[in-house]
Amino acid sequence: MTYLRHAHIMSGPLTAALVAALIVLPLLAGNYLTYLTIQILILSLFALGFNLLFGYTGLLSFGQAGFYAVGAYICAKILLVQPSLLLGVLGGTVAAAVVAVLLGALSVRHTRIYFSMLTLAFGMMIYSVAWKWRDVTGGDDGLVGIPRAPLKILGIASISLSTIEHYYYFVLVVVLLGVFFMYRLVNSPFGLSLQAIRDGETRAPFVGMSVTTHRLLAFTIAGLYAGLAGALLPPLENTVTPVMAHWTTSADPILATLLGGIYVFSGPIVGGALFIIIKDLIVRVTVHWSIVLGTVVIILVMGFRGGVAGIVAGMVARPRAAPAPAVASK
Amino acid sequence: MDTIGYQGLIGVSLAMSLWLISAGLTIIFGVLGVINFAHGSLFMVGAYMAYTFYGLLGFPFGLSVLLSLAVAAVLGLIMERGFLRHLYHLDHAYQLLLTFGFVLVLDDAVKIIWGGVFKIPPIPRFLDGAWPVFGRPFPVYNTFLIAIGILVGIGLWALFEKTWWGRVVRATASDREMANAIGVNVPWVFSTVFVVGAMLAALGGALGTPIRVAAPGIGAAMIIQAFIITVIGGLGSLKGAFTGSLIVGILSAYGTLFFPIFELFFSFVIMTVVLLVRPQGLFAHVN
């Protein structure tokens, strides 16, 4: 058994500088770069939720795209009826969390290997619903013409988000809040309990922890983050399609997290940025993006299990913070 | 009534390729303790290889099937010896992630080699045609599939129960360290089991193509069905894999007939019910 401590590579001033850079970015960069950054922010949020489950709780889910799609479809449905951004995003997020509670209750009782298989199957169940239930989901065409609705605050103010810069700031605020809450969460007693369960599944109950309840909570929060990330997408793209629920979409947060580093809090964020940048460069050259993705997964698993942030953490490690270990608990 | 019986029989024939793929998955898990996500991709490789050897190059049907099995065996050996072997000491998650990487690579490789459209090899002439069952023409090829499925079942039983290799494998499955201590070459057992599993998946793919299709996405579609089957039947149990395959195969045959929209949904419902009532599966494999 290995005791793991999540390392930190972000210091206070560094975080402040990064946030400042993100705030001025749309003023300096063009529309395309702003659009890419929105994608990075959304994927970071998605991957951060995934890593609460994987890095902190030790549960590897292959079905996070299901919750991502629930968030997106419900948000889209709401916006098509009631053009209020906050309502749509909240509705999508809550719906994803509800679905996560239900499917989580069925999945988290089982061993880790069963858990991975079940999440893949349930994710694809959501995909098959999105694909086949044409009357509601639009089938393989998906839903189109979703408005980038204005941000209405309690009927007092209504802010138009029709330009990409405005929408960028909305996403930025949401994602920063999401990162902040996740940071608080993983450093809270609850977050430490999750890590205790990951490292000693049989020991945790002896100190009075309910393994199932903790896992279910982590699963629900991960589903909520996936749903929130998904709900931010329809107003950007104006469309949702079943591909969002497909298992290949579940691969995105997995790869982002592996790339960035599992045992570093900011790993999924670093990885999210790398993932979008690398993908953007590769799809210019070839449509066969997934063979590159797969090769990267294999290389990372075979030789670089700490990810990029893990390597950095290893270099800047102070005696207190152990470098990201390559071996997880057995 | 005839429709019910006829469609049930169609379901049984569909169940046979599901059985071949789930058998491989469950054997590998039972012995190595690894879930191979790329197992569906081996099914897909089997399908494309049979299509290439038989449909394109015009090799005899039997030889084409054997050649696809050989390709899958080599691929399986590379996966196990070259990669998986180095991860056994780590958490299960890394083995899953690795095989997940294989899925992404193989799916795209198939698209690069054979293109994105689906392929259907012709049914061999000696298995073409139909005979009347329940007053309707039932394809000879589906009958052939049912026979193969049953033969493979008997063959596997004999292999595990009656041969020296089977005894060694069962010994390794029940106690790896003890088997090692009494002189069993455990790494060799692992490789052979992985290769046998890979060949079973490829056999399902190679024989299944004339009635299903060879398309880039079938690997993922099949592995999900195989997961559902092993969850229903119990992971690590061959009896469970066989029963689960029959349940899913027959249900999807009726589903296509009566509720075409929610065909796949049925399997998920059954899986959920099993999870609630008997979480370890119908035939739990006790270690």
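Bear in mind that the values in this text are calculations on the coordinates, not laboratory data. For clarity, every value in this text was computed on a predicted model and none was experimentally measured. For neighbour counting, all protein chains shown are included, and Cβ atoms are generated from backbone atoms with ideal geometry for every residue, glycine included.
Please compute the net charge surrounding A:K279, taking Lys and Arg as +1 and Asp and Glu as -1 over other residues with Cβ under 15 Å from its Cβ.
Result for the local shell: -2.
In degrees from 0 to 90, rounded to the nearest 10, what is the angle of the helix A:31-51 Cα long axis to the longest principal axis of chain A?
The helix A:31-51 is inclined about 40 degrees to chain A.
Rank A:A29, A:A196, A:A229 by mean-square fluctuation in a GNM of chain A with C-alpha springs under 10 angstrom and give only the top-ranked residue.
Its mean-square fluctuation being the largest, the pick is A:A29.
Quick one: grab the alpha carbon gyration tensor of the range B:198-267, order the square roots of its eigenvalues as a ≥ b ≥ c, and give me rounded if a/c is under 1.5, else prolate or oblate depending on whether a/b is larger than b/c.
Here the range B:198-267 falls in the oblate category.
Cut-off 19 Å, label point 7 angstrom out along Cα-to-Cβ of A:R134: give me the residues of the range A:238-263 whose amide nitrogen falls inside.
A:240-243
Using a/c under 1.5 as the rounded threshold, could you call the range B:1-87 rounded, prolate or oblate? The axes a ≥ b ≥ c are square roots of the C-alpha gyration tensor eigenvalues, and prolate needs a/b larger than b/c, oblate otherwise.
Cα axes put the range B:1-87 in the oblate bin.
Along the Cα→Cβ direction, 7 angstrom out, place labels at A:L90 and B:A221. What is the inter-label distance in nm?
4.2
How about the range B:91-139: which chymotrypsin sites (Phe, Trp or Tyr not before Pro) there lie in a loop by DSSP and see at most 16 other Cβ atoms within 10 Å?
B:F118, B:F134
Under 8 Å for C-alpha pairs, at least 6 residues apart: give me the relative contact order for the range A:29-247, rounded to a whole percent.
43
Excluding B:P121 itself, what net charge comes from residues whose Cβ is under 13 Å from its Cβ, given Lys and Arg +1 and Asp and Glu -1?
So the environment of B:P121 carries a net charge of +2.
Enter the angle in degrees (range 0 to 90, nearest 10) between the Cα long axis of helix B:61-77 and the first principal axis of the Cα atoms of chain B, meaning the one along which they spread out most.
For B:61-77 against chain B, the angle is about 30 degrees.
Name the most mobile residue of B:L90, B:L25, B:L63, meaning the one with the largest mean-square fluctuation, in a Gaussian network model of chain B with Cα contacts below 10 Å.
Checking each option, the largest mean-square fluctuation is seen for B:L90.
Classify the protein assembly as shown as rounded, prolate or oblate, taking a ≥ b ≥ c as the square roots of the eigenvalues of its Cα gyration tensor: rounded when a/c is under 1.5, otherwise prolate if a/b is larger than b/c and oblate if not.
Judged from the Cα gyration tensor, the protein assembly as shown comes out prolate (a/c at least 1.5, a/b above b/c).
Using Cα pairs under 8 angstrom and six or more residues apart, how large is the relative contact order of chain B, in percent?
Relative contact order of chain B: 38 percent.
Within 14 Å, Cβ to Cβ, of A:F190, how many net charges do the neighbouring residues add up to if Lys/Arg are +1 and Asp/Glu are -1?
+3
Pick from B:S22, B:S174, B:S267: which residue has the top mean-square fluctuation in a GNM of chain B where Cα pairs under 10 Å get a spring?
Highest fluctuation among the options: B:S174.
Looking at the range A:29-247, what % of the alpha carbon pairs are farther apart than 24 Å?
43
Going 7 Å from the Cα of A:I278 toward and past its Cβ, which residues in the range B:41-65 have a backbone nitrogen under 16 Å from where you end up?
Once the point is set 7 Å along Cα→Cβ of A:I278, nothing inside the range B:41-65 turns out to lie under 16 Å by backbone N.
To test your reading of the geometry: what angle, between 0 and 90 degrees and rounded to tens, separates the Cα axis of helix B:2-32 from the longest principal axis of chain B?
So the helix axis and the longest Cα principal axis differ by about 10 degrees.
How much length is gained on full extension from A:L192 to A:A157, taking 0.36 nm per residue of separation minus their Cα-Cα distance?
8.5 nm
Could you tally up the Lys pairs in the protein assembly as shown with alpha carbons closer than 30 Å? Skip any pair fewer than 8 positions apart unless they're on separate chains.
Qualifying lysine pairs in the protein assembly as shown: 11.
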